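Structure first, commentary second.
Taken together, the values in this text are just the output of simple stated rules run on the coordinates, not laboratory data. Bear in mind the structure is a predicted one, so any value in this text is a computation, not a measurement. Here Cβ is always computed from backbone atoms with ideal geometry, including for glycine, and neighbour counts include all displayed protein chains.
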Amino acid sequence: MTGEVFDGKKAEVMVKDLRASFKAGKTKPYEWRVSQLEGIVRMIMERETEIMEALQSDLAKPNMEAYLHEISLSKAACLFALKQLKGWIKPEKVVRASFTTFPSSAKIVPEPLGVVLIISAWNYPFSLLIDPAIGAIAAGNAVVVKPSEIAPATSAFFAEHLPEYVDNSCIKVVEGSIAETTALLEQKWDKIFYTGNGRVGRIVMAAAAKHLTPVALELGGKSPVIVDSNVNLKVAVKRMAVGKWGCNNGQACIAPDYIITTKSFAPKLVDALKSTLEEFYGEDPLESADLSRIVSFSHFKRLTELLDEENIPEKIVYGGERDEKHLKIAPTVLLDVPHDSLIMKDEIFGPLLPIITVEKLEDSFELINSRPKPLAAYLFSKNKKLEEDFVQKVSAGGILINDAALHVTNPHLPFGGVGDSGTGAYHGKFSFDTFSHKKAVLSRGYATEMRIRARYPPYTYHKQILLRRVIDGSFIALFLGLFGLHRD
Amino acid sequence: MVLTTTGNKGGDEEMGVLGLESVVAEARTTFESGKTRGFDWRQSQLKSLLRLLKEREDDMFKVLKDDLGKHRVEAFRDEVGALVKSTENALLYLKNWMSPERVSLPLVAFPTVAEIVPEPLGVVLVFSSWNFPLGLSLEPLIGAIAAGNAAVLKPSELAPATSEFLSDTIPKYLDYEAIKVIQGGPQVAEQLLDLKWDKIFFTGSPKVGRIVMTAAAKHLTPVTLELGGKCPAIFDSLKSSRDKMVATERIVGGKWGACYGQACIGIDYLLVEEKYAPILLELLKGVLQKFFPNFELMARIVNKHHFQRLCNLLKNESVAASIVHGGSMNPDKLFIEPTILLNPPLDAEIMTEEIFGPFLPIITLKKIEDSVKFLRARPTPLVIYGFTHDEKLKRRIVEETSSGCVVFNDALIQYMCETIPFGGVGQSGFGQYHGKFSFDNFSNRKPVVRRSFLIELSFRYPPWNEKKLQLIRHIYCYDYFGFVLCLLGLKRCNYRS
């Protein structure tokens, strides 16, 4: 913005300043945290139109989606944190300290980690920055946020407006791309929260390792959807469709990536998808205002290459249209693509939905488990046994039965990945926890120091017996032992 | 370096990379078969572990004596007994830990059901340290097993008798298809780190911790690092002489009583007001005499390398000059006398690096409250000990300093308390364990939301219009009344949130 390069030196100075602010105790008081969160709420309310415009500019995001997924979710997260904050900050009394350490009292005191770095992604450029920031601030940290350069309008919005609403000595925005991110990653942070892809996730974790910095990585994966034949097909397909194309036109980490269904049911499913898609986006989806565009030319190219791979075009059963000038790709459904095709290799992150067919649905579990663990896994079925098997056998960041994408809106559920889809969780109190250290505080007195002092050398046989009693937690045996009466 | 694997009773075969990979592959196959997930398997493993701990007690005392010179009482108190307690606790609560946790949902979500279901991560790797070679190997293993994982344990090669014992004994009691022990040194560790794990649990030094985390980054493997640090003890004036005595005994126990100072949560140095230093010193000397009339009772320094490292700490002239008690050494027996120093220079290595040995620096301050400022200027340790009755000072320590844990008026006991999390922060590491925290450490807490087809909200779907937007605004504010009005067309829907 100023034309100066944000390099390692600048990053170092910034971190140093933030650390000084943190050490001075600026971010710790409850009042400070509340005022920052209230500032963010004000920003969202006062600048709603500008935010929507930025999202429209970056992604052609329909206003409805911008409202649903970004503005209202962020605002709700802020309000939730404001409401719960007092309870979150309060130390938690540990009811049963331990017989062995009796008498003692224990509590767990949450404390901020210090100075944290949040790197967010381009697909939900507003909420993926604000959401973790809410947790970091609620937990009492100083924060640097680095919005994605692939969503430049939103990034510029943050750089210009966030400082107007929050305490700049403790919360900073750094714009930029690889050079600036590298400069930031060279510094010592107390936590790094990264949302994005696995390739960069590895770079972030390796950089963090140099300073022994803990990380939370919100990555992605191929979120599968298993569709059974016994469902209310119309409703199921609508939910799948809005979870896929209603979320940034498939460019969402929890969007259904591919469908698995039985060979016999597939034709019905395809028909239902076709009619639902037409209902949602009309006969000419490229003209629909309700679909986001593809974020950039390189992603557009990546997606069209998936469609143009040998033997793939004939698998398209719906859609496939594209508009390179406006970076638009129509919702596209494919049937029976080869399991080793490009479209089945990596996370699609776009409006392409392959359907894989199997003989029976139980076979799909192995298919899913043979691949890296996804961020979400979906099942549409009324079969309770299948549902239970699915929950037990499929490992994913989150499981949703009979719907898609919705589970991320609940602040009482942890949102995060496992395996290749990431580590760490957030949303609601989980955001607060992810940016806190839970410090155990154990207190004893001197009153009941046992005369026999079995803990201390010189060690005798009698002391050993007593120790066994104490460690076993047996009152009676201990009592007897104290008086030199042995049971064994 | 002898590289042996599970099942080879004292075999001297060289495993090589391929051998190692196939051992790990077997653990993975076992995990993928689903064998380790059921309650019965986990319970039977924990019960077998308990049997191992009780039946092989004498063997365990022997190897700890061989490796570290630990007296059997210390070995029981700190390792064997603690493990029995931990295993029994896990058995008692296993069903509870495994059961899903119901989560509340707003009315608009009715009739949705949501819960958090814990599931195992998969195949986990545990690296343990040499100072509590049994405890630090088996305590994480308890958590890994309770959480339903397959596990590979690489015990420290610096405690070779214990490593051999574990390699030999674990397959006799536990399911060797799922729980493996791989012995070896840094080379084996490197080979293991090249493979893909679902979690790595490391106890050791920050230097190696960096290596572990960097290797884990290649596979996006989550890690827990249990490191160390300079754990200070703040010694405030205590009025009653009985309290002073008890506190001193706890300090001596906290410094020299657990692996002779070679413990991550051992007291590294003392902070005391300068006018109390002489009293404290006399008390310490008295208790040392009482507790350690002869050095046979003490664990020894683990090996020549560490012995040399410790000697080097005293080579600095100013440091040597600050010795007020002890200082003598016996390189043949790897024995160093309990040594107390008074105000060694703060920039000497003895005050900048974790001592991990029997030297106790006492740093004096003008006022005891200065200890807070002193600690804030230094890296965060695993624990801060405060020997004080002053509630204000206690509050300041808790609120103004950072550490893995804080303990008032005692030392080391936090390790025995399975209801509080054990772990570091900052330079002392990240991730926590013990009790349920171990179970959680090795689990993926998976949210599961079950929706029904019963109630369908049509305004969720495109094509979008203003009315749908307003309906959703109402829902998001939980303004059900406004929502109904809007739905029925009784309310004008064109205001902003």
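Under the classification rounded if a/c is under 1.5, otherwise prolate if a/b is larger than b/c and oblate if not, where does the stretch A:1-139 fall, given a ≥ b ≥ c as square roots of the Cα gyration tensor eigenvalues?
On the way: a/c = 2.65, a/b = 1.57, b/c = 1.69.
Oblate.
When the Cα positions of A:204, B:325, A:242 are compared along the charge dipole of the protein assembly as shown, B:325 comes out farthest toward the positive end, with charges on each C-beta of Lys, Arg, Asp and Glu.
Reported to the nearest whole Å, the Cα centre-to-centre distance from the stretch B:386-409 to the stretch A:145-204 is 35.
Projected label points at residue B:392 and residue A:26, each 7 Å from Cα along the beta carbon direction, are separated by 2.8 nanometres. Once both axes come from the Cα atoms, what is the angle between helix B:39-55 and the longest principal axis of chain B, in degrees from 0 to 90, rounded to 10? The helix B:39-55 is inclined about 10 degrees to chain B. Could you pull out the trypsin sites (Lys or Arg not before Pro) across the stretch B:319-417 that fall in loop regions by DSSP (anything but H, G, I, E, B) with no more than 11 other Cβ atoms inside 10 Å? Here the sparse-neighbourhood loop sites are B:366, B:367. For chain B, leaving out every one of the chymotrypsin sites (Phe, Trp or Tyr not before Pro) that falls in a DSSP loop and has at most 13 other Cβ atoms within 10 Å, the longest unbroken run is B:1-477. On the basis of the beta-carbon distance and an R0 of 35 Å, residue B:205 and residue B:172 show a calculated FRET efficiency of 0.65.
Are there GluC sites (Glu not before Pro) in the stretch A:252-283 that DSSP puts in a loop and that have at most 14 other Cβ atoms within 10 Å, and which ones? Please list the in-between numbers first.
Working: sites: A:278, A:279, A:283; in loops: A:283.
The qualifying sites are A:283.
The value of relative contact order for chain A, using C-alpha pairs under 8 Å at least six residues apart, is 18 percent.
Wrap a convex hull around the Cα atoms of chain B, take a quarter of its surface area, and give that in square nanometres. The partial results should precede the final answer.
Numbers: hull surface 119.6 nm².
Result: a mean projected hull area of 29.9 nm².
Can you tell me the alpha carbon radius of gyration of chain A divided by the globular rule-of-thumb value 2.2 N^0.38 Å? Relative to the rule-of-thumb radius for its length, chain A sits at 1.16.
For a Förster distance of 45 Å, can you work out the FRET efficiency between the beta-carbons of residue A:370 and residue A:16, rounded to the nearest 0.05? Write down the numbers at each step before the final one.
On the way: r = 48 Å, r/R0 = 1.06.
Rounded to the nearest 0.05, the efficiency is 0.40.
Need one word for the protein assembly as shown: rounded, prolate or oblate. Basis is the Cα gyration tensor (sqrt eigenvalues a ≥ b ≥ c); a/c below 1.5 gives rounded, then a/b vs b/c decides. It is prolate, given that a/c is not under 1.5 and a/b is the larger ratio. The simple spin-label model puts a point 7 Å past each Cα toward its Cβ; for residue B:346 and residue B:295 those points are separated by 3.3 nm.
Taking the Cβ-Cβ separation of residue B:318 and residue B:66 as r and a Förster radius of 45 Å, what is the calculated FRET efficiency to the nearest 0.05? If you can, show how the numbers build up before the last one.
On the way: r = 38 Å, r/R0 = 0.83.
The pair residue B:318/residue B:66 has a calculated efficiency of 0.75.
For the peptide B:403-414, the mean number of other protein chain Cβ atoms found within 10 angstrom of a residue's Cβ is 6. Of the trypsin sites (Lys or Arg not before Pro) found in the stretch A:301-353, the ones in coil according to DSSP and having at most 11 other Cβ atoms within 10 Å of their Cβ are A:325.
Nearest 20 debye, what's the magnitude of the dipole of the stretch B:242-396 about its Cα centre given +1 on Lys and Arg Cβ and -1 on Asp and Glu Cβ?
Details: 21 positive and 18 negative charges, 75 e Å.
Roughly 360 debye for the stretch B:242-396.
Averaging Cα coordinates gives a centre for the stretch A:220-277 and one for the stretch B:430-454; these two points are 27 Å apart.
Can you list the residues of the stretch A:218-249 with backbone N under 17 Å from a point 7 Å past the Cα of residue A:383, pointing along Cα to Cβ? A:225-233, by backbone N distance to the label point.
Between residue A:362 and residue A:177, what is 0.36 nm times their sequence separation minus the Cα-Cα distance? Round to one decimal in nm.
Using 0.36 nm per residue and subtracting the Cα-Cα distance, I get 62.2 nm.
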